[in-house]
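Enquirer: I have a structure here, written as structure tokens, and I will follow up with some questions on it.
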Amino acid sequence: MSVIFFISYWTYESWASNSPWFLKYFFLVLGLFFLLVSLKPKNRKGWVYFTADDYGLHFPSSSSQSDDPVFLDVAWKDVGNIKREKVYGNAYGVSIELKITQNEIDSHFYNEVRANKILGCSQMRGEYFVIAYGNNAFQKIPHAIEQLLAIKRANI
């Protein structure tokens, strides 16, 4: 976006003819704004939904605003089904069943629980709390699920 606005600023006289002069500088200001936004490190940092290793899954707290979030560690023995299923809006996503306490749900998944209450979705399957991630969270859902299941199988 920034490049487009800078090009518009530099070539303004050739295509704008009798347009107001302040538009040229408006393009410059917009170009600078988008450049600053794109260079801000926090805007480039991707959100980590969870990490997986030999010990289990690790979920950052959704309520933590710091650079060092508190993680909820869930051992593989407390992870149930990991599968591809329809989530909100009939889009496919990844669902993960977790055997965790209500206190852990309240402290680490508060925003998700609140969103699901609004949408009318239940997140409990028996003794498991279910967390789901939409299609845009992963590049290739089947590949991500297979990787998680392979790590789980190797460590149970």
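Enquirer: Kindly indicate which of Ala132, Ala144 is modelled with pLDDT under 90 and not in a helix (DSSP H, G or I).
Expert: Matching residue, one of Ala132, Ala144: Ala132.
Enquirer: May I ask you to list the residues in region 45-77 that are at pLDDT 75 or above, open to solvent by 70 Å² or more (accessible area, probe 1.4 Å) and of a type outside the set (Ser, Thr, Tyr)?
Expert: Asp54, Val70, Phe71, Asp73, Lys77
Enquirer: For region 1-31, name all the residues that are of a type in the set (Ser, Thr, Tyr), within 37 Å of the chain's Cα centre (by Cα) and open to solvent by less than 50 Å² (accessible area, probe 1.4 Å).
Expert: Of everything in region 1-31, those that are of a type in the set (Ser, Thr, Tyr), within 37 Å of the chain's Cα centre (by Cα) and open to solvent by less than 50 Å² (accessible area, probe 1.4 Å) turn out to be Ser2, Ser8, Tyr9.
Enquirer: Scan region 94-120 and report the pairs whose first residue is β-branched (Val, Ile, Thr) and assigned to a helix (DSSP H, G or I) and whose second residue is crowded, with 18+ Cβ neighbours inside 10 Å and at pLDDT 70 or above, with Cβ atoms within less than 6 Å and a gap of 6+ or a chain change.
Expert: Correct list of pairs: Ile105/Phe129.
Enquirer: Can you tell me which residue is most open to solvent (accessible area, probe 1.4 Å) among those in region 80-93 that are in a strand (DSSP E or B) and free of Cβ contacts under 8 Å to residues at least 60 places away in the same chain?
Expert: Residue satisfying both the conditions and the ranking: Lys86.
Enquirer: If you don't mind, another one. State the number of residues belonging to region 100-124 that are at pLDDT 75 or above, open to solvent by less than 80 Å² (accessible area, probe 1.4 Å) and not aromatic (Phe, Trp, Tyr).
Expert: 7
The values are calculated or read from the model by the stated rules, or taken from the named source; none is laboratory data. Just so we're clear, the structure is a prediction, and the values are computed from it rather than from any experiment. Glycine also receives a Cβ, built like all others from the backbone with ideal geometry; neighbour counts cover every protein chain displayed. The area values use the complete protein model at the heavy-atom level, side chains included, leaving out ligands, DNA and RNA. Shrake-Rupley method; radii C 1.70, N 1.55, O 1.52, S 1.80 Å.
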